[in-house]
Amino acid sequence: MTEIKTVLIDSDQPSLIRLQELLAKFNGIEILGTFENSNEGLDFILENEPDIVFIQIEMPNLSGLDVADEISKRETDIKIILVSNHSHYAIKALRISVFDYLVEPIDIDELKISLHRFKTKYMINLNSRELQIIREMSNGLSSQNIGEKLFISRHTVDTYRRIILEKSACQNTAQLIKFALKSGLI
């Protein structure tokens, strides 16, 4: 599996080190760079285009929100996970469409959920039709019913189901639905 390339930005060195240590517990994570200065971090991000940027909101110079806003203006697939000691920035974070928001001290289970969601949405690479079929499957519809609803044949639905199972590494429909629920796909 492809590694998730990350960049970490936090003006508080102990927090930066803690996040590095937490990420080291997961397979498939590559830290491209760590920065205490948000301006330097932003330059590096725009040049190297990592998959995920973890950035502290409260920073001198450019805040994490400013960096996230600047990245969102570019045509890039970089996902932002904002980190803060406070939850009151969550609304602003949603407005600039960040991928996730973690409150410090970062809980390893919350980090695991966030990374799992990222892998599911962006690395398994399900297209919109596949996601639509998963949603219909979760509603209990058969291949025949899904086909009728989406104006495609039952055989086409079965082909999509097989591809979805392969991509998600699930063995059956029940596993797939559980996986989709846990991953926030449905």
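Are any residues in the range 111-128 farther than 13 Å from residue 169 by Cα and surrounded by fewer than 16 Cβ atoms within 10 Å (Cβ to Cβ), and if so, which ones? Passing the criteria: 112, 116, 122, 127, 128. With respect to being in the same structural domain as residue 79 (by TED's automatic domain parsing), buried (at least 17 other Cβ atoms within 10 Å of the Cβ), in contact (Cβ under 8 Å) with a residue 60 or more places away in the chain and within 21 Å of residue 118 (Cα to Cα), residue 45 falls outside the description. Counting only residues that are surrounded by 18 or more Cβ atoms within 10 Å (Cβ to Cβ), in contact (Cβ under 8 Å) with a residue 40 or more places away in the chain and not in a loop (DSSP other than H, G, I, E, B), the range 48-65 holds 6 of them. Tell me, which residue of the range 76-91 that is at pLDDT 80 or above and not in a loop (DSSP other than H, G, I, E, B) is farthest from the chain's Cα centre (by Cα)? So, considering only residues that are at pLDDT 80 or above and not in a loop (DSSP other than H, G, I, E, B), the one farthest from the chain's Cα centre (by Cα) is 84. Please tell me if residue 79 is more than 30 Å from residue 149 (Cα to Cα), among the charged types (D, E, K, R) and out of contact with any helix residue (DSSP H, G or I) (no Cβ under 6 Å at 6 or more places or on another chain). Taking the combined requirement at face value, the residue satisfies it. Candidates in the range 5-34 are the residues that are under 19 Å from residue 117 (Cα atoms) and assigned to a loop (DSSP other than H, G, I, E, B); of these, the one that is modelled with the highest pLDDT is 25. Tell me which residues, restricted to the range 66-107, are touching a residue at least 24 places away in the same chain (Cβ under 8 Å), surrounded by 12 or more Cβ atoms within 10 Å (Cβ to Cβ) and of a type in the set (Asp, Glu). Across the range 66-107, the qualifying residues are 66, 69, 70, 104.
The values are calculated or read from the model by the stated rules, or taken from the named source; none is laboratory data. All values reported here derive from a predicted model rather than from experimental measurement. Ideal geometry is used to build each Cβ from the backbone, glycine not excepted, and the neighbour counts take in all protein chains shown.
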